[in-house]
Amino acid sequence: MANYYHPREETMSADEMRALQGARLVETVAHVYKNVPYYRALMDKKGVSPKDIHGVDELHLLPFLTKDDLREAYPYGLLAVPLSDCVRIHSTSGTTGRRVVAFYTQDDIDLWEDCCARAIVAAGGTKDDVVHVSYGYGLFTGGSGLDGGSHKVGSLTLPMSSGNTERQIQFMTDLGSTIICCTPSYAAYLAETIHETGNRDKIKLKAGIFGAEAWSEEMRRHIEAKLRIKAYDIYGLTEISGPGVSFECSEQAGMHVNEDHFIPEIIDPATGERLPDGEKGELVFTSITKKAFPLLRYRTRDICVLTRGTCACGRTLVKMAKPMGRSDDMLIIRGVNVFPSQIETVLINCGFEANYQLVVDRVSFSDTLEVKVELTPEMFSDEVKELNRREKEVSDRLKSMLGIQAKVTLTAPKSITRSEGKAVRVIDNRANKI
Ligand code: DLL
């Protein structure tokens, strides 16, 4: 029997959900139009006013909002309540341009933590669990989001933050952590370290809640086998609140979107046209309960698919597939679209672990891709002939999956830097080269 944190909202009929979303959307549109001059200008320019929006059917009339809008409006331009009503900010880890800052009232934080609590309960969490939070705390939303969710569930919360792997494992052992929350790349690193130090039998982990970056099904299986846990996906973004926009249930087949707070749409990224359920495109969210920083039709740049229907877990919340990565993570190599997660799939299927780096360059006017992947300690002792065979196997499989030739370089164990937060997998040296 599945457990829900909010049984009513998580199992509502489609009609009930639409009605709830419609009422909340109307309220949110009126709120931003009245209080945010930036929105008013965008809506006026598109010739749409709050009186045109009666429910979800009119959602498509609203203008899109992009990261550029958020940067332009930095820091207060999209704030919809007086600053004195806000109690917290978070910010994206953006590397270029201005950072994006999101504001929260106490109610906003409360609802966001509820969303994270839903994720923890869906992963089997109860008040008897010990939730070990190894996402970073601070401006990043991962640590505080899962921390707040864990408090709501009533679990004992270990606010570990990221880093210091030795101390993480020590606490995990001594305090009996049962659920670990971190990025999948850090989970793989923890798994590797726990395996090497022979500590697995001393820890009580049963589940992990992993997100904040794209990861493949193969990586899931790898982490599950190595840590002997169930690995659940969780998705979110700072602009829309943080982790918990969607979460996986016991079925581990797509993430349920917390639709009573965030309305998802899929659009064609080139034309902005809305696509039907089941088609792949860019994910767009409209927040319908946030007060300080509500975003209408925000383009996430994440590429994925939505599917509806009652899940075997009983939830009716629409599901989103694992995002393949952001459209801006997508590499275009000699005209071919390549997502790092596709390469990860090939590597893990060839017996490697997810310790790899992609180096893209331009030589004699042509793009090159080098896939550096670490040998496991067992492979490292193989004969040269065997190593050559492995290298060729990866190269052949990449060629048949992506249609491009990549140089495969096998590197010594531990030669690729491990990540404690979001992994940096790609080094693109093509900037400024013709
Ligand atoms: O990564 C929030 C988060 C924290 C989600 C902890 C899950 C767990 P940002 O730093 O703003 O927020 O980055 C958001 O990360 O647009 C996606 O591209 C990517 N992302 C987040 N979760 C997933 C996931 C947090 N489960 C951006 N799978 C998003 C794939 C993900 N990509």
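Can you give me the number of residues within region 247-258 that are crowded, with 24+ Cβ neighbours inside 10 Å and more than 8 Å from the ligand (Cβ to nearest atom)? Write out each step before concluding.
Step one: list which residues in region 247-258 are crowded, with 24+ Cβ neighbours inside 10 Å, which gives 247-249, 255, 258.
Next, only the ones that are more than 8 Å from the ligand (Cβ to nearest atom) stay: 247-249, 258.
Adding up the residues that qualify gives 4.
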Filter region 122-151 down to residues that are surrounded by fewer than 24 Cβ atoms within 10 Å (Cβ to Cβ) and in contact with a His (Cβ under 9 Å, 6 or more places away or on another chain), then give me how many there are.
3
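Looking at Ile223, Ile234, which one is in contact with a Gly (Cβ under 8 Å, 6 or more places away or on another chain), within 11 Å of the ligand (Cβ to nearest atom) and not in a loop (DSSP other than H, G, I, E, B)? Step through it out loud before you land on a result.
Details: Ile223 fails: within 11 Å of the ligand (Cβ to nearest atom).
Just one listed residue meets the conditions, Ile234.
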Please state which of the following conditions Leu275 fails to meet, knowing it meets all the rest: (1) within 20 Å of the chain's Cα centre (by Cα); (2) free of Cβ contacts under 8 Å to residues at least 40 places away in the same chain; (3) more than 10 Å from the ligand (Cβ to nearest atom); (4) open to solvent by less than 50 Å² (accessible area, probe 1.4 Å).
(1)
List every residue pair whose Cβ atoms sit under 6 Å apart, with the two residues 6 or more apart in sequence or on different chains, where the first one lies in region 402-414 and is open to solvent by less than 40 Å² (accessible area, probe 1.4 Å) and the second, anywhere, is of a type in the set (S, T, N, Q) and not in a strand (DSSP E or B).
Val408/Ser395
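Matching residues to (1) assigned by TED's automatic domain parsing to the domain that holds His256; (2) open to solvent by 50 Å² or more (accessible area, probe 1.4 Å); (3) outside any loop (DSSP other than H, G, I, E, B); (4) over 22 Å from Glu282 (Cβ atoms):
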residue	(1), (2), (3), (4)
Arg18	yes, yes, yes, yes
Gln21	yes, no, yes, no
Leu25	yes, no, yes, no
Asp44	yes, yes, yes, yes
Leu79	yes, no, no, yes
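The values are calculated or read from the model by the stated rules, or taken from the named source; none is laboratory data. Nothing here was measured: the structure is a model prediction, and the numbers come from that model. Positions of Cβ are backbone-derived with ideal geometry, glycine not excepted, and every protein chain shown enters the neighbour counts. All accessible areas refer to the heavy atoms of the entire protein, side chains included, with ligands and DNA or RNA removed. Shrake-Rupley method; radii C 1.70, N 1.55, O 1.52, S 1.80 Å.
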